[in-house]
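Worksheet for the structure shown next.
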Amino acid sequence: MPEEFDTTPGCAGRLDAEDDLAHLRDEFIVPVTPWGEEEIYLVGNSLGLQPRAVQAYVDAELDKWGRLGVKGHTEVDREPAFPWGSYEESLTDQMAALAGALPSEVVVMNGLTVNLHLLMATFYRPTQARFKVLIEDHAFPSDHFAAASQIRSHGRTAEEALVTVAPRPGEDLLNADDLLEAIFEQGDDLALVLLPGVHYYTGQVLPLVDLVEAAHEVGAMVGFDLAHAVGNIPLSLHDSGADFAAWCTYKYLNSGPGATAGCFVHERHLGRSDINRFEGWWGTDKATRFQMETVFNPIPTVEAWQLTNPAVLSMAPIRASLEVFARAGGMGPLRQKSERQIAYLDHLLNEVLAGRVESITPRTLGERGCQFSLRVIADGHTGRGVFDALESAGVSCDWRHPDVIRIAPVPLYNSFTDIHRFVHVLDGILS
Ligand SMILES: *Cc1c(COP(=O)(O)O)cnc(C)c1O
């Protein structure tokens, strides 16, 4: 089905004209360069753009706080405000849809790394015989620190308990067979597998179902960091069988710096009383919560893992953002557009930049989301120098040590023209 792409700006214009989702760009605020042009914003994998409606959602809560004070916990008198005392509930259905999970399995709370710790408090229960944690060698540092410090909190060292799997020598991507083999090799020693859904450095998608099956076969728990996955690729988290997952909402979910994170616990673990869980008053039965008794009756959903009452002002932007995803029709149509954008950028990289820039991200659609991890191979240029020149030219992208420029055409707001402009600017820098 090779698409009819060419390298002219007219082709980008035609693709934008054919794009049913193009109007969604208007729902976001696109930063403007000092010389007054819209930035070529390709860094939604790091901080998504602000949906225009965010201001109204945040203002509604500030306004309500001013007018109603403490009554705002239970009352709303003007849309789009929502009662603070159950604010998290307003996010659950749409967030669960994006994660491919049941509403009972998803809650929005805390930050991503905080959630990883809380989930490991439940799902990493090492014994004398089974205590190892398998991660990947190039894990996001926070995930590495979280796993290593969990191990130490159980009286072991990372040296004896943390197993890492690296790409093969000379390769950039993780080999799925090597991951599976490592799981089987650790076998009875393995307590937990903690891996990303989409790798932050390379953009590689890992095969969740295969990993879950392997981990469960050897008797280990398995959890995923979906920071680069939710809002980027369609997910079937429930069907994957994963025990737990967590993700942030400021990347592909466009909910602003430090916005509250997502958390998933598989249905099979809900309502269990034989489970270790760090608990707080927001996890106990809502009907009796305010009787202020000291008997903990876990909410029969993942909400039992909540500790603290919702951070309304950093959750209001999530509501605004999830509304935009709903208007897009969810991840199905977005992924369709994304695949076309991926094919288009692949075409331009090949036609315009071959031999000067290479992408280390997998080519196969099933193994990638919208991110491209680019490496500059042109003679006489350094990756860092090219990155700086891109930034000066009005392209927002990011640099990841040691040698990768990450860009992510986000189907919610990036146009085909953005992609064309980016390649044109990069071509100019390298010429
Ligand atoms: C962005 C990201 C984080 C960030 O963690 P926070 O707790 O939100 O600061 C962690 N892990 C991965 C894989 C990420 O991509």
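None of the figures in this text is laboratory data; all of them are computed from the coordinates on show. Everything numeric here is computed off the predicted structure, so don't read it as measured data. For neighbour counting, all protein chains shown are included, and Cβ atoms are generated from backbone atoms with ideal geometry for every residue, glycine included.
Comparing A259, A176, A408 in a Gaussian network model of the chain, where Cα atoms under 10 Å apart are tied by springs, the biggest mean-square fluctuation is seen for A176.
Multiplying the residue separation of K286 and E171 by 0.36 nm and subtracting their alpha-carbon distance yields 36.3 nm. For segment 194-339, the alpha carbon positions stretch 53, 42, 25 Å along the principal axes, listed from largest to smallest. Restricting the calculation to Cα atoms, every distinct pair contributes to the Kirkwood radius of segment 294-431, found to be 17.7 Å.
Sparse packing (at most 11 other Cβ atoms within 10 Å of the Cβ) combined with a DSSP loop state is found for the following GluC sites (Glu not before Pro) in segment 276-333: E293. For segment 111-252, a/c is less than 1.5, where a ≥ b ≥ c are the root eigenvalues of the C-alpha gyration tensor. That puts it in the rounded class. Among S431, S392, the order by Cβ neighbours within 10 angstrom, fewest to most, reads S431, S392. Positive contributions from Lys and Arg (+1) and negative ones from Asp and Glu (-1), summed over other residues with Cβ under 10 Å from the Cβ of K132, come out at -1. The simple Förster model, with R0 at 22 Å and r as the Cβ-Cβ distance, assigns H73 and F145 a FRET efficiency of 0.05. Taking a straight Cα-Cα cut-off under 30 Å and skipping sequence neighbours fewer than 8 places away in the same chain, the lysines within cross-link reach of K251 are K64, K337.
The GluC sites (Glu not before Pro) of segment 146-240 that DSSP puts in a loop, and whose beta carbon has at most 15 other beta carbons within 10 Å, are E171.
Of all beta bridges that DSSP places with both ends in segment 63-326, some 40 percent have antiparallel geometry. Between A148, F296, L102, the Cα set farthest toward the positive side of the dipole of segment 63-326 (charges on each charged residue's Cβ, about the Cα centre) is that of F296. Comparing G66, G383, G271 in a Gaussian network model of the chain (Cα springs below 10 Å), the most mobile by mean-square fluctuation is G66. The aspartates and glutamates within cross-link reach of K71, meaning a Cα-to-Cα straight distance under 14 Å and a gap of 8 or more places when in the same chain, are E61, D63. Restricting the trypsin sites (Lys or Arg not before Pro) of segment 1-80 to loop positions (DSSP other than H, G, I, E, B) with no more than 13 neighbouring Cβ atoms within 10 Å leaves R52, R78. Ranking P34, L68, A53 by Cα position along the charge dipole of segment 9-75, where only Lys, Arg, Asp and Glu carry charges on their C-beta atoms, puts L68 farthest toward the positive end. Classify the chain: rounded, prolate or oblate, from the alpha-carbon gyration tensor (a ≥ b ≥ c, eigenvalue square roots; a/c under 1.5 rounded; otherwise prolate if a/b is larger than b/c)? Oblate. Around the Cα centre of the chain, unit charges on the Cβ atoms of Lys, Arg, Asp and Glu (plus for the first two, minus for the last two) sum to a dipole of about 1040 debye.
Its relative contact order, with pairs defined as Cα atoms under 8 Å and 6+ residues apart, puts the chain at 23 percent. For segment 366-407, a/c is not less than 1.5, where a ≥ b ≥ c are the root eigenvalues of the C-alpha gyration tensor, and a/b does not top b/c. That puts it in the oblate class. Of all the options G13, G394, G44, the one that moves most in a Gaussian network model of the chain with Cα springs shorter than 10 angstrom is G13.
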